[in-house]
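Data block below; observations after.
Nothing in this text is a laboratory measurement; each read-out follows from the coordinates by a stated rule. Quick caveat: nothing in here was measured; it's all calculated off a predicted structure. Quick reminder, even Gly has a Cβ in these numbers, built from the backbone with ideal geometry, and neighbours come from all protein chains shown.
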Amino acid sequence: MEHFIEVKSSEGEDDLFELGSSEVRAAMELRDRRNSKYLILRICHALSTHPLLETLPNPYDSSARGPYDLVGSGFRFRYTRGS
C-alpha cells in the first residue's frame, strides 16, 4: 500500500487547519484508489519540546468523515465562456 501524508502543524493546540486546492485535489483523487491511502499528520505545539502528533483520515473518504466539520470554506471555480 502506498501512503500519501499531508502534514499540518500549529504552534498551539488549534483544531482548525486548511487544505489548499492541490491538497483537496489529491485527497479526492486518492479516496477511491485501492492501493493508496491519504492521511493527515496533525502536529500541535510544533515548536515546543513536546509536540502532539495525531494521524487523521482522508476527509474526503466517506467512511472516515467522523472527526471533521467543514468550517467556513468555499470553492472557486473557473469556467469557459460559451460552453
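So the values come out like this:
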read-out: Within region 15-72: Cβ-based charge dipole about Cα centre, in debye rounded to nearest 20 (Lys, Arg +1; Asp, Glu -1); value: 260 debye
read-out: Cβ-based net charge around LEU53, under 15 Å, with every Lys or Arg adding one and every Asp or Glu removing one; value: -4
read-out: Range in the chain, longest, excluding exposed trypsin sites (Lys or Arg not before Pro) [loop by DSSP; at most 16 other beta-carbon atoms within 10 Å]; value: 1-32
read-out: Antiparallel bridges, percent of DSSP beta bridges restricted to region 2-60 (to nearest 5); value: 40 percent
read-out: Principal axis dimensions, the chain - Cα atoms, whole angstrom, descending; value: 56, 31, 21
read-out: The chain: angle of helix 21-30 to the longest principal axis, Cα-based, in degrees nearest 10; value: 80 degrees
read-out: Low-density loop positions, GluC sites (Glu not before Pro), the chain - DSSP coil, at most 12 other Cβ in 10 Å; value: GLU11, GLU13, GLU18
read-out: DSSP-assigned coil residues among chymotrypsin sites (Phe, Trp or Tyr not before Pro) in region 6-83, each with at most 10 further Cβ atoms within 10 Å; value: PHE75, PHE77, TYR79
read-out: Percentage relative contact order, the chain, counting C-alpha pairs under 8 Å, at least six apart; value: 29 percent
